[in-house]
1. For the chain, what does the helix formula give at 222 nm: sum of -39500 (n - 2.57) over DSSP H segments with n ≥ 4, over the residue count, nearest 500 deg cm²/dmol?
2. Take every DSSP beta bridge whose two residues both sit in the stretch 23-145, then give the antiparallel share in percent to the nearest 5.
3. Go through 139-152, 71-84 and give me the packing order, highest mean Cβ count within 10 Å leading.
4. Using only Cα atoms, locate the centre of the stretch 122-136 and the centre of the stretch 60-121, then give the distance between them in Å, rounded to an integer.
5. For 117, 132, what ranking results if the residue with the fewest other Cβ atoms within 10 Å of its Cβ goes first?
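Read-outs: derived from the displayed coordinates by stated rules, not from any lab. Fair warning: this is a prediction, and the values are worked out from it, not measured in the lab. We place every Cβ from the backbone using ideal geometry, glycine too, and count neighbours over all the protein chains shown.
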């Protein structure tokens, strides 16, 4: 699966595919990730992460959700998203939905896309981390404990079996 039609109800059809197929959105994705997850990290860090996820043949990968020609969300499939747990791979990472399109199912569809994409490529597990609880549990993720995030905070670690 390299593209998927979303079931989200945002008023127009949404498709999900590789950011590499829409390179003109690279800067917008980097801006979104920096604004959502920056917390003291400069924008250049996120621009580098996004730029180096444009090779469709290897991780890391970035995917985008489009309503027509409008960017409405993004998600990544990365080798590692948490420095303290480099033993775990791969990771669903950097899930972001444009504020105007939240609470309509698009976040769930982005998760489903990465889950199916990963399963088709032979992965048997996925991981993610979050600083909050409730959302990912509702979408089938299993909380497996806390882990330190650099430099000094604890985050919730989740696992998803793909078997």
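1. Helices in the chain give a 222 nm mean residue ellipticity of -7000 deg cm²/dmol.
2. Numbers: 12 of 13 bridges.
Among the beta bridges of the stretch 23-145, antiparallel pairing accounts for roughly 90 percent.
3. Result, highest mean Cβ count within 10 Å first: 71-84, 139-152.
4. What the calculation gives is 11 Å, centre to centre.
5. Working: 117 21, 132 8.
By the 10 Å Cβ count, ascending, the order reads 132, 117.
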